[in-house]
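Encoded as structure tokens, the structure appears first; notes follow it.
The values are calculated or read from the model by the stated rules, or taken from the named source; none is laboratory data. From a predicted model like this one, the values you see are computed outputs, not experimental measurements. Every residue, glycine among them, receives a Cβ derived from its backbone with ideal geometry; neighbour counts consider all protein chains shown. For accessibility, only protein heavy atoms count, side chains too; no ligands or nucleic acids. Shrake-Rupley method; radii C 1.70, N 1.55, O 1.52, S 1.80 Å.
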Amino acid sequence: MQKKGKLELTWVGKYDDEKPVEPRILVEDKEKSYGDPDSGNMLIHGDNLIALQALQQDFAGRIKCIFIDPPYNTGAAFEQYDDGVEHSIWLSMMRNRLVLLRNLLSEDGSIWISLDDNEVFYLKILMDEIFTRKCFVGTVIWRSSDNSNNDSKQFSVDHNYILVYSKNEGWETKKLERNEQQQSHYSNPDNDPRGPWFDGNPISSPNPRPNLCYDIVAPNGNIIKAPRYGWRWSEETLKEKMKTGEIRFNDDYTKIKRRTYLYEQKKLPPSSLWADLDETGHNRQAKYEQKKLFPDRKKEELFATPKPEKLLMKVMKIATDEGDYVLDSFLGSGTTAAVAHKMDRRWIGIELERSAYTHCKPRLDMVIDGHDNGGITESVNWQGGGGYHFYELAPSLLVKNDKLPIYQVNPEYTFDMLCEAICKIEGFRYDPQDVFHGHSSEKRFIHVTEEFVNAEYIRSLSAHLGEGQSLLIYAMSVQSDMQLPDNIEVRRIPKDLLDKCSFESEVR
């Protein structure tokens, strides 16, 4: 029997048998949260793999656009992050995160990933595996440099790639307003009241249809034969278009032309070549924007690889509407969040390094206060407002005992944190009410306790359950050989949690 296989990219460590990463709880640092307390925006400091897992319960299927600018794996070492790791490690790092990112995308969502030549072609194959080839939207070539590298021994690499994938097949981009160059071939030499126009759009039918095959008689008697598949309109419709001037004869009456008006073609599908520096900015401009934000900082204190705000603005114009959620799990200097905020999108930003404190937070505070005068501020008429909540990832729920090779509940956890963490691990929504700590549906509840659970304890909890309702109990110690009702299940802390996901081996 022939074995079945699939086309895929493989590397050392891809199939290491690992449990899912622990879905940590998010702990708000209210001193760092800023602006409107009712805002749904989130700035998260911590490992983005763990943070993405933490977001699954509340945000799966809700994110309209994801933009990430991950380490390019160039071999260079920047102050803010290490950009040179072994190739297979980089692929595993990306794969684990992309699986979680796909889960977070809405059904009409898209993901945009910026990279250079070092890894983009490997990532393309990996993305085909995770998102499927049918969901590949395209590759944007972005001109990232405004001048050539005179020191280059081969090519001066002046562009980045942006891979674009959708959650589902058939996703469509939003059309964009024509820029001045795209309008340049429209004119109005005869003062047509309908405005600028040009000749050139198709007048023949794309498919053969007998009723569209007819001859046209010009005013001078010339016979203009139908194209191979016929005209684009019926004879009656074409005559009407001649009366309005949309369809005209050329000067010697040997063919007809179609007049297309600018007002009918104001928007175009976006091009995959983003070479207009005025429209999408470049790397040097991004560094200038950062210097303008933090004029008192030394060069080495600025973020090494920021993206220009204009680039993110174009992405969000194509992929989002106001109020949509935008996520960046490699937030860096905070550009994605800043642009989303100015464009009235909701946002979630995740950053592992200290730049969450030194770059992202002060930058977003200035945006909220209306003190950020650079980037796209003027073009979108941003005046300030809004807010965000700042979160830290809680430490691991279970850690190794200092003296014995066994796991225990992290001593940093309060009882409330313990309850919330177990709810998240088990897929329950944390919502303490009465004797219950959360629910997964109207009839399924969870209870967490540090007390000894025996038959009497079970009976007392049963009294709070209605008809058709069930209960999951997590307890530190449990009476053995208890006869449990069919609608109640008891699990032990930490033993039964260890089977659910991987935990840190020690307190960090």
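Results, tabulated for the structure shown:
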quantity	calculated
Selected residue (only one of G221, G245, G170 is open to solvent by less than 90 Å² (accessible area, probe 1.4 Å), modelled with pLDDT of 80 or more, under 30 Å from I130 (Cβ atoms) and out of contact with any Ser or Thr (no Cβ under 9 Å at 6 or more places or on another chain))	G170
Selection count where residues are assigned to a loop (DSSP other than H, G, I, E, B) and either of a type in the set (V, I, T) or open to solvent by less than 90 Å² (accessible area, probe 1.4 Å) (or both), scope the range 148-167	7
Segments classed as strands (runs of 3 or more DSSP E), wholly inside the range 352-437, with at least 2 members that are without any contact (Cβ under 8 Å) to a residue 12 or more places away in the chain	429-433
Check on K310, under 14 Å from the mean Cα position of the chain (by Cα), among the charged types (D, E, K, R) and either farther than 19 Å from C65 by Cα or in a helix (DSSP H, G or I) (or both)	no
Any hit, the range 462-478, residues being small (G, A, S), open to solvent by 40 Å² or more (accessible area, probe 1.4 Å) and closer than 21 Å to N410 by Cβ	yes
Filter result (touching a residue at least 60 places away in the same chain (Cβ under 8 Å) and not in a loop (DSSP other than H, G, I, E, B)) within the range 192-241	W197, F198, D199
Given (1) open to solvent by 10 Å² or more (accessible area, probe 1.4 Å); (2) more than 18 Å from the chain's Cα centre (by Cα), index of the condition T280 fails	(1)
Those residues of the range 357-400 which are within 20 Å of K291 (Cβ to Cβ) and either open to solvent by less than 20 Å² (accessible area, probe 1.4 Å) or acidic (D, E) (or both), in sequence order	H359, C360, R363, L364, D365, V367, D369, D372, G374, I376, T377, E378
